[in-house]
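A.B. asks: This structure is in structure tokens; I'll ask about it shortly.
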Amino acid sequence: MKTLIHPTAVIHPKSELHHTVQVGAYAVIGEHVKVGPETIIGAHAVLEGPCEIGAQNQIFTGAAIGMEPQDLKFVGEPTWVKIGDNNLIREYVTINRATGAGEATVIGDGNLLMAYVHVAHNCVIEDQVVIANSVALAGHVHIESRARLSGVLGVHQFVRIGRQAMVGGMARIDRDVAPYMLVEGNPARVRTLNLVGLKRSGMDSTDLQMLKKAFRILYRSDLPFKDALEQLELLGDSEQLQHLRRFLLLSQMPGRRGLIPGRGKKGVSDES
């Protein structure tokens, strides 16, 4: 077999494409690009490097991956985009390389990035994340596995969005979104648990009940942050509660932006 390349595509001779890769019309693939088995690259897509793309991805028309970061600190140092397997990267998505020698912008496995999503330098998107149309991620954003971001929203640099969280459309996310929560509005607020997403994931009913209790402690009790964490400790030691407590504690560390507060009350991050 030979690589399935449209005759109008421009492929650098030093790029590395598995022989099962398909490349559409007028696509451009640069020198330092490596693409794994059964990945499909659509028409007019542009892949620069250094960039590594895994197996069975589908990259649609006009996507631009591995371009230099939009960051004035970048001075041409070697940086990467690294993309895993089984991702759908829709029309005109942009994924920039990282800033900082040896650093990478990382996309995991099984993600869906809808049209016009922008992933800036040094972002990390874990696995099975869905990001809807026209979402812009600033630099150093980290999105944990199975999170859902609705359309036309912006995420501030250095923000972290927790596992299985849901963010409503047209929100401005300028602080961390705790795992398992549903956030929406402008200003954004935690409204409730992401109950639909958690049920669809097959979460055990006992674990779901524990998270409901955790939500009430964090966002309905008006407890100070320290006291709320102590109450969470008393709920149990499930993997979900461990992850939630760890996320909450890390959100208060230097360099992090704190937490999106709840509706109509002080933020759970407030110490007073």
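The values are calculated or read from the model by the stated rules, or taken from the named source; none is laboratory data. Model, not experiment: these values are computed from the prediction. Virtual Cβ from ideal backbone geometry, glycine too; neighbours counted across all protein chains shown. SASA here: full protein model, heavy atoms, side chains in, ligands and nucleic acids out. Shrake-Rupley method; radii C 1.70, N 1.55, O 1.52, S 1.80 Å.
A.B. asks: Contact list please: Cβ distance under 8 Å, first residue in the stretch 137-161 and on the phi > 0 side of the Ramachandran plot and part of a strand (DSSP E or B), second residue of a type outside the set (Val, Ile, Thr) and surrounded by fewer than 21 Cβ atoms within 10 Å (Cβ to Cβ), pairs at least six apart or on different chains.
C.D. replies: none
A.B. asks: Do we have THR61 as open to solvent by less than 20 Å² (accessible area, probe 1.4 Å), within 26 Å of ASP127 (Cβ to Cβ), β-branched (Val, Ile, Thr) and modelled with pLDDT of 95 or more here?
C.D. replies: no
A.B. asks: Could you identify the single residue in LEU72, LEU88, LEU153 that is surrounded by fewer than 24 Cβ atoms within 10 Å (Cβ to Cβ), touching a Leu at 6+ places or on another chain (Cβ under 6 Å) and aliphatic (A, V, I, L, M)?
C.D. replies: On the way: LEU72 fails: touching a Leu at 6+ places or on another chain (Cβ under 6 Å); LEU153 fails: touching a Leu at 6+ places or on another chain (Cβ under 6 Å).
Of the residues listed, the single one that is surrounded by fewer than 24 Cβ atoms within 10 Å (Cβ to Cβ), touching a Leu at 6+ places or on another chain (Cβ under 6 Å) and aliphatic (A, V, I, L, M) is LEU88.
A.B. asks: Any idea which of GLN128, GLN157 is of a type in the set (S, T, N, Q) and either more than 23 Å from GLN70 (Cα to Cα) or in contact with a Pro (Cβ under 6 Å, 6 or more places away or on another chain) (or both)?
C.D. replies: So the residue among GLN128, GLN157 that is of a type in the set (S, T, N, Q) and either more than 23 Å from GLN70 (Cα to Cα) or in contact with a Pro (Cβ under 6 Å, 6 or more places away or on another chain) (or both) is GLN128.
A.B. asks: Residues of the stretch 29-46 being open to solvent by 10 Å² or more (accessible area, probe 1.4 Å), of a type in the set (A, V, I, L, M) and in contact with a Gly (Cβ under 6 Å, 6 or more places away or on another chain), which ones?
C.D. replies: Answer for the stretch 29-46, where residues must be open to solvent by 10 Å² or more (accessible area, probe 1.4 Å), of a type in the set (A, V, I, L, M) and in contact with a Gly (Cβ under 6 Å, 6 or more places away or on another chain): just ALA43.
A.B. asks: Continuing with this model, one more query. Could you tell me which residue of the stretch 115-145 is nearest to the chain's Cα centre (by Cα), considering only residues that are open to solvent by 50 Å² or more (accessible area, probe 1.4 Å) and either β-branched (Val, Ile, Thr) or more than 21 Å from PHE74 (Cα to Cα) (or both)?
C.D. replies: Restricting to residues being open to solvent by 50 Å² or more (accessible area, probe 1.4 Å) and either β-branched (Val, Ile, Thr) or more than 21 Å from PHE74 (Cα to Cα) (or both), the top hit is GLU126.
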